[in-house]
Amino acid sequence: MEFAMGAMGSLLPKLGELLDKEYKLQKSMDKDFRYLQRELQSMHAALSEVAGVPREQLQQQDRLWASDVRELSHDIEDVVDSVLLCIEGPESELAANPECFKGLMVKMISLLKKCKARHQISTAMKDIKDQVHEVASRDGRYRAPLSVVANPTAATGATTTVDPLLIALYGDQRRIVGIDDAKNDILKKLSDGDDVSNQHLKILSIVVFGGLGKTTLTKAVYDELRGQFSHMAFVTVSRNPDVKKVMRDLLYELDNERYKKLDGAILLDERQLIDQLRESLQTKRYFIVVDDLWDVKAWEKISYALVDNNNGSRIITTTRNLEVSNACCTSNNDLVYNMKPLSDANSQILFYKRIFGNETGCPQELVQVSRDILKKCGGVPLAIITIASHLAGDHEIKPKDQWNTLLTSIGRGLTRGGGVEEMRRILSLSYYDLHYGLKNCLLYLSIFPEDSEICKYRLIRRWIAEGFLQGENNKTRMFDLGESYFNMLINRSMVEPVDIDVQGRPRACRVHDMMLDLICDLSSEENFVTILDVIEGNTPLRRNARRMSLQKSMEKRTATRLASTSMSHVRSFTIFSPAADQILSLSRFRVLRVLDLEGCRLRGSHPLYLRQVGNLLFLRYLGLRDTSSHGLPMEIGKLQFLQTLDLGNTCAQLPSSVVWLEHLIFLYISPGIQLPLGLRNLTSLEELTGLSLGCYCADIVKELGHLTNLRVLEICWGGSKEKKEDQALVESLCNLRKLQSLEIGSNGEHVYLSRDWVPPPDLRSLRLRGWLQTLPTWFGSSSLPLLSYLHMNVREVWLEDIQTLGMLPALRFVFLKADVDPATEQCDVEKFVLSTDAFPCARECFFLNVTMVPSNFPRGALPMVRSLRFDFRVLDIINGGFDLSMGNLPSLEDVYIDYARKGTTSATRKQAHDMLSRALKEHPNRPTFHNSSHFSEEGQVSGGGPGPSITSSTQQEIMSLASTRATRSCKPPSPLLFPTTLPASRH
């Protein structure tokens, strides 16, 4: 029920800010706001108690009361925002100049409007006070003051079902399908390295989201190893663990005779139980399963008792949370095992056996629909068994039309009843373990269509606009909090990571269909999100819909009724491209915070709607990426709350009033669009991409230096024949000391950063796409301690430059292109020799026109590199004495070699290729060998084929919470000015 708290999280801080500052509120209004603050603080405290109880376990009266408070909080926030607009609302430049007669008239009109607005706000405040009083008194009229008592019927259910954990532990093992490969894999990992000299304790942790069968798999492994260990134990921790009970259970199972009578053990405290366990295990070879861990603290306490006695003991833990799994595995002998869904074949076997009794009994008419259902299940055994049980209900197979109905329902609200409800309950366990803010962030994903790849940065910006990320006044830290929330959802297996960058960070996520079902149901039940295209024509629309998502075309009856439905309470409106033709008039919205039209091609009359954007005074997020819009109204300058303006890949022209948006944090435009003068006013700006600069906009170049809060900057620099404009750019960049990511796309020969620029201390990503004559003097480990991504073109590359790059301590990706001597078709770096400690953290290294020499890779260099590209002279290979020393690169997976072709023939090149292939086959990893002679500068194959792909990352690397962000958009900028980068790049 946490999301029933509505806008409470963002409302209380706003009220506090409003009252703390010396606003010139009317005396009665000030008194009213203080009354609201006190009432809402009390409601918030009561809701916090309700928050931790699953909705189905609450009494009906509590549900109704929480729903009323949620709606009330939204209404109050609208009034508070109206006050803030009224007090701090923008005035035009004319109104700001009282000496101008026309400006004075405008200011007088503005004051009159404010007086009228204050009168309207005062009236609204009276209504709000009446509602607060009514909600409070109604709750008291029908029962005693709120006390959270779980609904006993809902808690226990009308009928008692068998605990799924018990089914997994004691069910018929012969009916288990599809775990043999995983079981054998785990058994092999547990036994690898076993010999007389290595008997250290080994821990394996299985991590996967709920419902995939990790307990079943673990029990199968446990049974397989029974008899190989003198002492064994299988204990379950659960969501709200009693660690003392877990330890007592361990004592009982490990030493049954000694602890048969547990009376004495019950009296022991945690320290005494740990001592008893350590004593009991000191000389034993044991195998322990710690099942269903939920948090690190519980594991830490249990782990104190599990001694490593050098007897070859083994421990398996299972969890839904990768953070917990990583905490379990802290030594080189430990392993994190990411459990995979069932294969298509095993999914079908399990499905058919449950319904038809055998794996070949499916009638032909049900084959296709069964395949479609299984595709929706995604290999999740719990989902497959649950849905199969529903279709085989009452020992009678349902007719085909009911199969089709079920197929349609999966993905947008699972059919209720029977085992489906059990599956929902199990999936809900992970949901109810989240805290309030994270629950809102998860439910918000129901806005996006099924199977969407949801861009992380788009999502976080929207979370900020919605007010979900509270507790941080600093917007930078708020964005970091949002990224942390995103990672938490992945760690807890609530969403799947997508598009992993070279840093090991996902750029996007996808929601599993089963989880999407759950969050869509929860969102609908509590009026959190309304998905318009799933509403049937005869279904009534909610009166106070707060967030609307239009994903596909609506039914005609729904569209007709929607045309007459009030939009006065809608705070978020998202349209996806299939429904672009059904966009609603923006004039119908009053309190909209988020307007996202990304991907909707606004042609014909659609741009007319954008003229009304300037009236959406509460707007925080305006997403017009890929909309082909051609203009924004001058009135956009009135949007004083606006935080995000995304015009990427559009032809939108910016009005001069855009520089009035003093609270703008994220601004994304397309290269070629000119910013008006006054850029220096956007002092809150943290991310700016697509900015085109050159000698024709010298004033903008100077103004750029005033944006001292910038963390991400991408510009296209035209340069000039004279260096003064380049120097002006350097001077501006020198002021941007908070930069973490800098990209300069240049159509000119040089970007003059080599002389005076001092890199900001937190720089993580640097892309210089113009040509530098030499490596800048400021390059080095002391000036770039956090740099992890580097892309640059340098005319003259020397051996010392390679050594300098190799010493950058945090560098994970490097793309270095040297100039080529037309006579020799190679660069001047004749001896590319690495030191033993070069590139300690690099995963991907691409050196273009940089020629290696034989025996180039000493042991210790490039220890983590997975993809490597370099030049090699054909004659060096075929003349003998060839030794690449590739065996010294333990992580190598892909090799791209460019041949210096001067003075060679196709036959000698083929001979060299064969020799290299044989050499790489001797590498333990058997890396893939790519002949990249035909690769273009950016790693793309000529003709548009795929370039070198990012190699697979372990989930541990994916989840490393690196503090940098190499991108803010999941879509590339214009290819005309920013060429497509290697797959490891930001986009």
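Helices (runs of 4 or more DSSP H) fully within the range 295-357 that include at least 1 residues being under 25 Å from Gly379 (Cβ atoms), without any contact (Cβ under 8 Å) to a residue 12 or more places away in the chain and not hydrophobic (A, V, I, L, M, F, W, C): none found. Residues that are β-branched (Val, Ile, Thr), buried (at least 19 other Cβ atoms within 10 Å of the Cβ) and not in a loop (DSSP other than H, G, I, E, B) were ranked within the range 854-909; the one that is modelled with the highest pLDDT is Val895. Residues that are surrounded by fewer than 21 Cβ atoms within 10 Å (Cβ to Cβ) and modelled with pLDDT of 80 or more within the range 839-853 comprise Pro840, Cys841, listed in sequence order.
Taken together, the residues in the range 638-659 that are surrounded by 21 or more Cβ atoms within 10 Å (Cβ to Cβ) and outside any loop (DSSP other than H, G, I, E, B) amount to 6. The sole residue among Lys245, Lys214 that is assigned by TED's automatic domain parsing to the domain that holds Leu281, crowded, with 19+ Cβ neighbours inside 10 Å and either more than 28 Å from Met514 (Cα to Cα) or out of contact with any Gly (no Cβ under 6 Å at 6 or more places or on another chain) (or both) is Lys214.
If the requirement is being more than 29 Å from Tyr431 (Cα to Cα), modelled with pLDDT of 85 or more and either of a type outside the set (Lys, Arg) or crowded, with 17+ Cβ neighbours inside 10 Å (or both), which of these qualifies: Val324, Val307? On inspection, the qualifying residue turns out to be Val307. Do we have any residue at all in the range 466-481 that's more than 30 Å from Arg812 (Cα to Cα), touching a strand residue (DSSP E or B) at 6+ places or on another chain (Cβ under 6 Å) and not aromatic (Phe, Trp, Tyr)? No, that holds for no residue.
The values are calculated or read from the model by the stated rules, or taken from the named source; none is laboratory data. Note that this is a predicted model, so its numbers are computed, not measured. As a convention, Cβ positions derive from the backbone with ideal geometry for all residues, glycine included, and neighbour counts pool all protein chains shown.
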